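Asker: I am attaching a structure below and will ask some questions about it afterwards.
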Ligand code: ADP
Ligand code: ZN
């Protein structure tokens, strides 16, 4: 218990928080009791505190194994800013830097050491690990050890051997945001966790709001979204590199400051882009899923998915990069029915994992398709988005969120039986082998080369919906897809009837679609409080003076709390969430001065010093 008090002190002094979040406390307790741990916590829940705080109270070194260079650099940078001696070992270091870091590690200068899994087999590093007292091994992104996980890394399989080779086995704590049972089981067995305590925190992120928008012109919709949020950090995810390039170029042409990021770019270029984003020189990054696993930036205010991703897991992880600091943030999915085809194509033509047998590969592919259909169900649904996410991750939300795009939209049931039946007949009569555009041409009785060359004027469906515009029929087709009557499949997009449609026809039931009648305008959450702006300015100056990202000084949530509480004394300031002793010593006075200045200019009485 005494250890827990010291842990709380460390949390307060170094990180400026006065309490652990749910899950963190249990995780820290487990580690301090010397027990192994498997923690499943969603992105933004605060996993790093779970091993960083014990690292500060345990006697020896804490070794953190992490898959990504950028993630390590970011965390070490933040630790150093908080006054905690830390270092990383990965291939980004020069030979000289690497040797120096090894020497310092041997001298016991670091409390926390981050290492890429490949380092664990490097003789010099291994020797030191055997020599020093290692109090804790933390495995970050632990799902990387599992072939079933999304980011399998064979080098993670070496971790167990490394642990077994240490003279004294320290407790091992594994962290992941992936919750499925098979992955969890594999983590335990492949890392050789011994009777681990399992801590699973809720997946709800109350500060995030969810939107799905069906936009026919996604480029314009995106530009509009970004314009409404000038000055805020945002990430736009696209499914392919080509789309990333196109979208970024389009935004740049419109004069919006956005940069592309994908794995086809040089490492140098990617690092530069990432740094520009972290240091707030560029507000918007347009990226493939290659961007983000290592991005710890806590003040991302919105994440837009320009296209539907392949699974809810991927979606929640990527969208979850918004609002890690706990301040309000938005997650927006721009959905179009054709996204399904692209994702299907990617599943069917993806690089096969060479470590899987043909049988296993087929199984993985089938599971990927199932996941994709779940994702589409989310994109097409009309019920509370947050509730659906939570249910997907195995929770049972008691009420709707009241602020997602579905909760805010008014839906009405529309009976479209007459037109829908004609549309169904058109699809059947043309052999269920055309895409939407062609089917509509036939139904509207168009006189095009396509129609003539295939003698479609003789088709019984020809001209049956002549009085409707192409646009209205396209819209209806979209709604029928969303409501599960029609589907678009195949490499060449073919429109066909689902079982639901066939059942409806044979039972002479009405065709009813749920459609949004009005969607309340989403308000932009950025309040432009001028004290907050002044504090931001102070933060910007300090950050550039210290050459660290703005959020490493204090994050947005802390600045908001400062702007609200307007502390005038050191002790008041220390009561603000996120302000600890160490950071107060470094930056506190600058912020106190800004607040005092604001008070004077705004005619607020200064409170007496205590
Ligand atoms: P994860 O690794 O789980 O995605 P992080 O460790 O990056 O999450 O933490 C997310 C954010 O939450 C960070 O900005 C961190 O400072 C903040 N945070 C962590 N623990 C607490 C806490 N106990 N109280 C308040 N904020 C916290
Ligand atoms: Zn909702």
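Asker: Examine segment 522-540 for a residue that is over 25 Å from residue 330 (Cβ atoms), modelled with pLDDT under 90, loosely packed, with under 13 Cβ neighbours inside 10 Å and not assigned by TED's automatic domain parsing to the domain that holds residue 424, and state whether such a residue exists.
Answerer: The answer is no, given that none of the residues of segment 522-540 is over 25 Å from residue 330 (Cβ atoms), modelled with pLDDT under 90, loosely packed, with under 13 Cβ neighbours inside 10 Å and not assigned by TED's automatic domain parsing to the domain that holds residue 424.
Asker: Regarding residue 187, is this residue in contact (Cβ under 8 Å) with a residue 12 or more places away in the chain, part of a helix (DSSP H, G or I), in contact with a helix residue (DSSP H, G or I) (Cβ under 9 Å, 6 or more places away or on another chain) and in the same structural domain as residue 177 (by TED's automatic domain parsing)?
Answerer: Yes: the conditions hold for residue 187.
Asker: Counting only residues that are within 14 Å of ligand 1 (Cβ to nearest atom) and more than 19 Å from residue 324 (Cβ to Cβ), give me the helices (runs of 4 or more DSSP H) lying completely in segment 1-88 with at least 2 of them.
Answerer: By residue number, 2-10, 24-32, 47-57.
Asker: Counting only residues that are in contact (Cβ under 8 Å) with a residue 60 or more places away in the chain and away from ligand 2 (no atom under 12 Å from the Cβ), which one in segment 379-397 is surrounded by the most Cβ atoms within 10 Å (Cβ to Cβ)?
Answerer: It comes out as 379.
Asker: Based on what the data block shows, is residue 400 within 23 Å of residue 334 (Cα to Cα), in contact (Cβ under 8 Å) with a residue 60 or more places away in the chain and either within 16 Å of ligand 2 (Cβ to nearest atom) or assigned to a helix (DSSP H, G or I) (or both)?
Answerer: Here the answer is no, as residue 400 does not meet what is asked.
Quick grid of which residues meet (1) surrounded by 20 or more Cβ atoms within 10 Å (Cβ to Cβ); (2) free of Cβ contacts under 8 Å to residues at least 24 places away in the same chain:
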site: 9; (1), (2): no, yes
site: 18; (1), (2): no, no
site: 22; (1), (2): no, no
site: 59; (1), (2): no, no
site: 75; (1), (2): yes, no
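Asker: Check residue 461 against each of (1) farther than 20 Å from residue 501 by Cα; (2) over 44 Å from the mean Cα position of the chain (by Cα) and name the one condition it does not meet.
Answerer: It is condition (1) that residue 461 fails.
Asker: So, one more: State all residues of segment 403-428 that are within 16 Å of ligand 2 (Cβ to nearest atom) and either in contact (Cβ under 8 Å) with a residue 40 or more places away in the chain or over 34 Å from the mean Cα position of the chain (by Cα) (or both); if no residue qualifies, say none.
Answerer: 403, 404, 405, 406, 408, 409, 410, 411
The values are calculated or read from the model by the stated rules, or taken from the named source; none is laboratory data. Small disclaimer: the values here were computed from a predicted structure and weren't measured. Note that each Cβ is placed from the backbone with ideal geometry, even for glycine, and that neighbours are counted across all protein chains shown.
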